[in-house]
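Peer 1: This is the structure I want to talk about, given as structure tokens.
The values are calculated or read from the model by the stated rules, or taken from the named source; none is laboratory data. None of the values given here were measured: they were computed from a predicted structure. Cβ coordinates were reconstructed from backbone atoms using ideal geometry, including for glycine residues, and neighbour counts include every protein chain displayed.
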Amino acid sequence: MSSVLRVLFAPGFFASSPVHVALAVGGIAALVSGVVGTFTVLRGQSYSGHALADLSVTGGSATFLASVSPLWGFAGTGVIAAGIMDMIGIRRPRGRDLATGIVRGAGLGLAALFLYWDATSTSTTGATVTILFGSMFTISNSVVPLVVAFGVSALAIIAILYRPLLLSSVSADVAAARGVRVRLTGLACLLAIALAVSLAAVTVGAILSTALLVGPAAIALRLTSTPGRATVAAALIAVAMTWLGVVLAYDSFGWPPSHDGWPVSFFIVTLIFLGFVAAQLTGRVRRVRG
Amino acid sequence: MFAPFMVNAWVAASIVAVIAGVVGFFVVLRGAAFVADAVPQGAFAGAAGASLLGINTLAGLGLFALAGSLGIGWLSKRARRDVATALTLVVMLGVGALFLSFTVEYSAEIFSLLFGQVLGVSTTEILPIAILGAVCVLAVLLLFRPLLMSSLAPDSSAAAGISTGRMELIFLVIVALATSLTLPVVGALLIFSLMIGPPAAARSLVSSPLAAMGLSVVLAVLTVWVAIAASFETNWPIGFFVGTGGAVCYAAGRLVAWLRTSPGRRVSGS
């Protein structure tokens, strides 16, 4: 047993302080993403989630210029972008993707500019890669309280609006008839997505945070039928896959060809995708049997 | 601005804009914004892989764009379309992150793949772009009617003997082809603004499909020309101007459409 453990956890895994931070931040981000993601998938807002993730690049690259923690930039732009998307009519399903895309395009244009300034005016040459693909093992301790605060806010939004959100996700008309303020609920949901995505952006990088948001939730919704159970399952799956990804990334130091480790985000995303495909296949087997 | 070394940039960007205008028209019509956004981003991983193996970037782009399109098509039969698209995209990006960690490329190279580098287009690169671009545009024009019908009225087009599934596949392949051509010039993250801003504006301005497609090409070409000129003057990345230009096109289109409806018929949100 102990030899198995030694193979799985490379020596020094539990003593390494960057690993502790990575596990803590990654765990919180995964938990929040799993919970919020369930509603993202139920409401068919995967694209909004993805666009908000891309847009947090803009904020992240701006903070590199101002040299404050990227998390502020990720979350700040996410919240602003959520507001703009809501404003230009994100409710109609047909126009929604279009509006989302336009906001995303304009935001990324700004990101290009900021990153260019990052590269020319300061000496942070790695800004592009760090912001886009994350760097989990270089997160500083001081970010943890901020991560917790953002995570709790996102979870609080979902907890308070659980029933109205669910109702308006299933049928906006019924919800409106029951006195739910559908638009306000939708905006609050977008804000929760923005916060979740900004947390995931710190861990797996901005353009991969969609994976944490959509993947575990899609798997969970495939495996269970009630929304409550799916929310819990999504959170658990997200945390498990993130931690497994961290373990594998730590193990990968010394793997060919570069010998300084494969990226954490690669492992997490691959695990999530494999889980999704597996869930699709088991779902099909079950349907055939049933 | 029109010095010999800039000629390539102008030619390549104009070809790219024409392709984006034509293909983008159907992207907007089919409401396939997310797919058109995901395929280029995923294809970026292919470019990273190609530079790792030292093979032609265009080949890597094409391979990944095609694999991504087919993956999205295959998975959407089994899961929700937006979820399938999102997950196909991120797994390709994850592979891209892995490739990037293997290379010792300057981050400037990555930056130009993501955000575009029009000044780096060489004369030898123009010919393949032009040929494949012509194939792409020709395919759309040949299939114009069936594509249009299956986009607007899937049910009646199925009754008329047009296979919706096959049209979807053809459309995805065209998007993949268009993507691999346009990516090196405009960049993975911003092709999409060019594919969606001008066509969306054109659609809200004119109603005839062919006229809308023509207008969308004109707007796309104008956007790119302004972007090159501005990028040359300021030395800022071209992606910034393309992204902003796409949004401006869309906003202008919406504004004109809104002004045109008489005050009495104005309904909030329409």
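Peer 1: Examine the range A:201-209 for a residue that is among the small types (Gly, Ala, Ser) and modelled with pLDDT of 85 or more, and state whether such a residue exists.
Peer 2: Scanning the range A:201-209 turns up no residue that is among the small types (Gly, Ala, Ser) and modelled with pLDDT of 85 or more.
Peer 1: Could we say that B:Leu142 is over 16 Å from B:Val28 (Cα atoms) and crowded, with 24+ Cβ neighbours inside 10 Å here?
Peer 2: For B:Leu142, the condition - over 16 Å from B:Val28 (Cα atoms) and crowded, with 24+ Cβ neighbours inside 10 Å - is not met.
Peer 1: Next question, about the same structure. Mind counting the residues in the range A:74-87 that are over 13 Å from A:Gly107 (Cα atoms) and crowded, with 22+ Cβ neighbours inside 10 Å?
Peer 2: 1
Peer 1: It is to be established whether one or more residues within the range A:132-139 are at pLDDT 75 or above and in a helix (DSSP H, G or I).
Peer 2: So far as the range A:132-139 goes, no, none of its residues is at pLDDT 75 or above and in a helix (DSSP H, G or I).
Peer 1: Follow-up question, since we're still on this one. Any idea which of (1) assigned to a helix (DSSP H, G or I); (2) more than 14 Å from the chain's Cα centre (by Cα); (3) more than 9 Å from chain B (Cβ to nearest Cβ) is the one A:Pro216 doesn't satisfy?
Peer 2: (2)
Peer 1: From the list B:Ala251, B:Ala229, B:Ala211, B:Ala247, which residue is surrounded by fewer than 20 Cβ atoms within 10 Å (Cβ to Cβ), within 12 Å of A:Ile102 (Cα to Cα) and either of a type outside the set (Ser, Thr, Tyr) or within 13 Å of chain A (Cβ to nearest Cβ) (or both)?
Peer 2: Sole residue among the options that is surrounded by fewer than 20 Cβ atoms within 10 Å (Cβ to Cβ), within 12 Å of A:Ile102 (Cα to Cα) and either of a type outside the set (Ser, Thr, Tyr) or within 13 Å of chain A (Cβ to nearest Cβ) (or both): B:Ala251.
Peer 1: On to the next question. Looking at the structure I just gave you, is A:Thr210 within 12 Å of another protein chain (Cβ to nearest Cβ), polar (S, T, N, Q) and either surrounded by fewer than 24 Cβ atoms within 10 Å (Cβ to Cβ) or assigned to a loop (DSSP other than H, G, I, E, B) (or both)?
Peer 2: When the stated conditions are applied, A:Thr210 does not pass them.
Peer 1: Hey, B:Val218 hits all of (1) in a loop (DSSP other than H, G, I, E, B); (2) within 16 Å of the chain's Cα centre (by Cα) but one; which does it fall short on?
Peer 2: Unmet for B:Val218, out of (1) in a loop (DSSP other than H, G, I, E, B); (2) within 16 Å of the chain's Cα centre (by Cα): (1).
Peer 1: Which ones in the range A:251-280 are over 26 Å from A:Ser16 (Cβ atoms) and either aromatic (Phe, Trp, Tyr) or modelled with pLDDT under 80 (or both)?
Peer 2: If the condition is that a residue be over 26 Å from A:Ser16 (Cβ atoms) and either aromatic (Phe, Trp, Tyr) or modelled with pLDDT under 80 (or both), then A:Phe273, A:Phe276 are the ones that fit.
Peer 1: Given the condition over 19 Å from A:Ala278 (Cβ atoms), modelled with pLDDT under 85 and crowded, with 24+ Cβ neighbours inside 10 Å, answer yes or no: does some residue in the range B:63-79 qualify?
Peer 2: The answer is no, given that none of the residues of the range B:63-79 is over 19 Å from A:Ala278 (Cβ atoms), modelled with pLDDT under 85 and crowded, with 24+ Cβ neighbours inside 10 Å.
Peer 1: Among (1) closer than 22 Å to B:Gly243 by Cβ; (2) modelled with pLDDT under 85; (3) not hydroxyl-bearing (Ser, Thr, Tyr), where does A:Leu52 come up short?
Peer 2: Condition (2) is where A:Leu52 drops out.
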